[in-house]
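The values are calculated or read from the model by the stated rules, or taken from the named source; none is laboratory data. All values reported here derive from a predicted model rather than from experimental measurement. Cβ atoms come from the backbone with ideal geometry, glycine included; neighbour counts cover every protein chain shown.
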Amino acid sequence: MNTKIPAYLYEKANIIRLILLTASFALFFINVFQPFGSRDWYPNISDFKYFFFSSLIILIGMLVVVISRLIMLLFTKKHIIFYWQYALWNLIEILAMSIFYALLAKFIPKQGMSRDFIDIFTQSTKNTLWILLLPYLIIWLYFSWREKNNMLVKMTQKDKIIEIPKKNLIAFHDEKGELKISIVLENLLYVDSSDNYATIHYLNKSKLSHYLIRNSLKWMEENLTNESPLVRCHRSYVVNLDKVKVLRKTKDGIYLELETENSPDIPVSKTYYEMVMTKFSKYSV
């Protein structure tokens, strides 16, 4: 019993639903079926007066629920409600409504004056309990079903997101802006250039491949983002740092060794050294 009740039991919208359903059910049930011999208590009043009297009793009883649930809503903002506390809370609501019903039945209309208040209260408590039991159970079952259904939808949506990974495609255009080739970033190794031509080196089905386009590395460098592992390391090279496994310093200069077999070592010039080192520390493993 020392388990916290689910949040949907004290959400504002659900409290309003609970009150409306309970009031509607009680109004319909009492006036249509006239349970517990309630019509025999006042044989001398018309059906209209009986409807008015029963509606008044129900509305006042719902005011008790409104006040009670408002207090609960404020209480849950700072405290936890356990199941045993929630059950006690509902019992107090029923007793409070029964007192109101008993007082109204005793003094309105005049025929109730002759009845004993304790008997009226006892009968009122039993009637209130039975009348509230069905709508309370229905609304609680509905809240529980809807909560589980929402969780299932969220889990399904989450699975869908996981099942559809995004592919980071790098698009290469020629000097006229026409798209020539798009390569998945994880397959791209490096790009080298000569004059106004650039050769793109990449993996295609685990084999080294290349593609020649008419464009300069300057244009490619201007279109590289800070979040991309692609960096210009030499006036003739752009390299994918995700594919670099070793940065090697020699007497002839600095070179980048790629993880792909049979790929050449990529030189790093002094002009681009600082930029390469900044990105290398971020993207290398």
Out of everything in segment 63-81 that is surrounded by 14 or more Cβ atoms within 10 Å (Cβ to Cβ) and outside any helix (DSSP H, G or I), what residue ends up being nearest to the chain's Cα centre (by Cα)?
Thr76
Options Ser269, Ser263: the member that is farther than 12 Å from Arg232 by Cα, of a type in the set (Gly, Ala, Ser) and modelled with pLDDT of 90 or more:
Ser263
Taking Leu91, is it closer than 20 Å to Lys126 by Cβ, at pLDDT 85 or above and either assigned to a helix (DSSP H, G or I) or small (Gly, Ala, Ser) (or both)?
yes
Within the group Glu261, Glu227, which residue is farther than 22 Å from Ser182 by Cβ, of a type in the set (D, E, K, R) and either in a loop (DSSP other than H, G, I, E, B) or assigned by TED's automatic domain parsing to the domain that holds Ile200 (or both)?
Glu261
Check on Glu178, in contact with a helix residue (DSSP H, G or I) (Cβ under 9 Å, 6 or more places away or on another chain) and assigned by TED's automatic domain parsing to the domain that holds Glu227
no
What's the number of the condition Ile254 fails, among (1) surrounded by 15 or more Cβ atoms within 10 Å (Cβ to Cβ); (2) not in a strand (DSSP E or B)?
(2)
With respect to Asp195, determine if the residue is modelled with pLDDT under 90, more than 19 Å from Lys243 (Cα to Cα) and in contact with a strand residue (DSSP E or B) (Cβ under 7 Å, 6 or more places away or on another chain).
no
Of all residues being over 44 Å from the mean Cα position of the chain (by Cα) and under 17 Å from Phe172 (Cβ atoms) in segment 230-247, which is surrounded by the fewest Cβ atoms within 10 Å (Cβ to Cβ)? Just the residue, please.
Ser236
Looking at (1) modelled with pLDDT of 75 or more; (2) among the hydrophobic types (A, V, I, L, M, F, W, C); (3) touching a Lys or Arg at 6+ places or on another chain (Cβ under 9 Å); (4) buried (at least 17 other Cβ atoms within 10 Å of the Cβ), find the lone condition where Ala102 falls short.
(3)
Restricting the search to segment 186-205, which residues are among the basic types (Lys, Arg) and either surrounded by 11 or more Cβ atoms within 10 Å (Cβ to Cβ) or in contact (Cβ under 8 Å) with a residue 40 or more places away in the chain (or both)?
none
Give me the pairs, please: first residue somewhere in segment 206-222 and more than 18 Å from Lys243 (Cα to Cα), second residue anywhere and modelled with pLDDT under 90 and outside any strand (DSSP E or B), beta-carbon distance under 7 Å, and either six or more positions apart or on two chains.
Ile213/Asp174; Arg214/Asp174; Arg214/Glu175; Arg214/Asn196; Asn215/Asp174; Asn215/Glu175; Ser216/Asn196
Looking at segment 9-23, which of its residues are without any contact (Cβ under 8 Å) to a residue 60 or more places away in the chain and farther than 14 Å from Met72 by Cα?
Leu20, Ala23
